[in-house]
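Since the structure comes first, as structure tokens, the remarks are kept for the end.
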Amino acid sequence: MAAVYKVEKYLDDIESTGIGEDGVFCEDYVKQVQTASSMLFRDMCQMTGCKNSLDLTPQSFYSKPSTITKAQLTEWLYSAIFLLDRCSIPLMQMAVDLKSDIDTMKDEKITDQKTIIDLQNKLLEKKDEEISAVQKTVETELKSYSSVLQQSCATALAPKKIVSAVKKVSQDENCSQNVIVFGLPEEDTENVDSKVSKLLEHLEEKPVVTDCRRIGQAKPGSVLVRPVRFRVKSSDIVYQILRKARRLKGVDGYQSVFISPDRNQEERISRKKLVDELKEKRQKDPSLRYFIRRGEIVSAEKG
């Protein structure tokens, strides 16, 4: 006796959930499509006597005409076309689109890697520029010394020029490895090294610290807190500390602590002028937010 087949047998769940109508598929939808397809092929194999769907051929459906009706063939054909058009083709298109997205991501990764390499090269170039700047300073001072000698100046200050140049380079190099901390609470009996180490722990930095001390003489009865200066092994470590300094704003007891690089006299004069100019701009135009970035005053909308 031939079995009775209905559309709902294979496609009821798919049609009721609207799978494939908007071209959107999720894992559950794919499982429903797989279930419907398995049911369809299983019934075909059962009625034709085939072991699996790979054995199905056009001849398989004519070998048992007494058990397979036109209605069943029609239902099978309709279900197969429905699954192919509504589900299989869109899923294959999604696979093509995903492959395209993966290729795009690979290209973007290659581009990002190239960008990282370029930034590393620029960092190396920056280091070379710093070394070149030091060499240029010495050369300039030596040329000035040579020029004074050529002018037969008996009272030339050439030795002082040399000393000045060497001293300037030495000061610049020393300053580049120093860090200044403002607002760190001061006590009569204190361990400054311990305080600095605790501060650096909040920044997740553990450099080797030397020459850690307060700047200036303590004045009895004074409420002013003297800044702390300490030294690390390289300017790169100074940069890392300065880059993380803003984290202290969120640490209890450190909201009023400010960290800055050590500057020579020329840099301090230049910095003071820049700060004075910043205050003037803020006073004249309070509608914008003014701040210093890379040695220049920039502005941004308040928000």
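The values are calculated or read from the model by the stated rules, or taken from the named source; none is laboratory data. Note that this is a predicted model, so its numbers are computed, not measured. Here the Cβ is made from the backbone with ideal geometry for all residues, glycine too, and neighbour counts use every protein chain on show. To get the accessible areas, we keep the full protein, side chains included, count just its heavy atoms, and leave off ligands, DNA and RNA. Shrake-Rupley method; radii C 1.70, N 1.55, O 1.52, S 1.80 Å.
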- prompt: With every protein chain left in place, what is the accessible area of Lys127 in Å² (1.4 Å probe, nearest 10)?
  reply: 70
- prompt: Which sequence of Met39, Met105 reflects their accessible areas, 1.4 Å probe, from the largest down?
  reply: Met105, Met39
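Sort Val257, Val208 by accessible area with a 1.4 Å probe, largest first.
On the way: Val257 5, Val208 85 Å².
Sorted by accessible area, descending: Val208, Val257.
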query: How much solvent-accessible surface does Ile131 expose, in Å² to the nearest 10, with a 1.4 Å probe and all protein chains in place?
result: 100
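About its Cα centre, how strong a charge dipole does the range 32-119 have in debye, to the nearest 20, once Lys and Arg get +1 and Asp and Glu get -1 at the Cβ? Can you show the working numbers first?
Values: 9 positive and 11 negative charges, 120 e Å.
Dipole of the range 32-119, to the nearest 20 debye: 580 debye.
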message: Quick check on my link table: of Lys195/Lys272; Lys281/Lys302; Lys31/Lys106; Lys198/Lys244, which ones sit more than 19 Å apart, alpha carbon to alpha carbon?
response: Lys195/Lys272; Lys31/Lys106
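At 1.4 Å probe radius, can you tell me the per residue accessible area of the range 178-303 in Å²?
Details: 9040 Å² over 126 residues.
Ligands and nucleic acids excluded, the result is 72 Å² per residue.
Work out how much length Thr137 to Asn191 would gain on full extension: take 0.36 nm times their residue separation and subtract the Cα-Cα distance, in nm to one decimal. Don't jump to the answer; show the numbers that get you there.
On the way: separation 54, 0.36 × 54 = 19.44 nm, distance 3.90 nm.
That works out to 15.5 nm of additional length.
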query: Which value, in debye to the nearest 20, gives the size of the charge dipole of the range 171-274 about its Cα centre, when Lys and Arg are +1 and Asp and Glu are -1 at the Cβ?
result: 380
message: With +1 assigned to the C-beta of every Lys and Arg and -1 to the C-beta of every Asp and Glu, and no other charges, what is the dipole magnitude of the range 248-303 about the Cα centre in debye, to the nearest 20?
response: 100
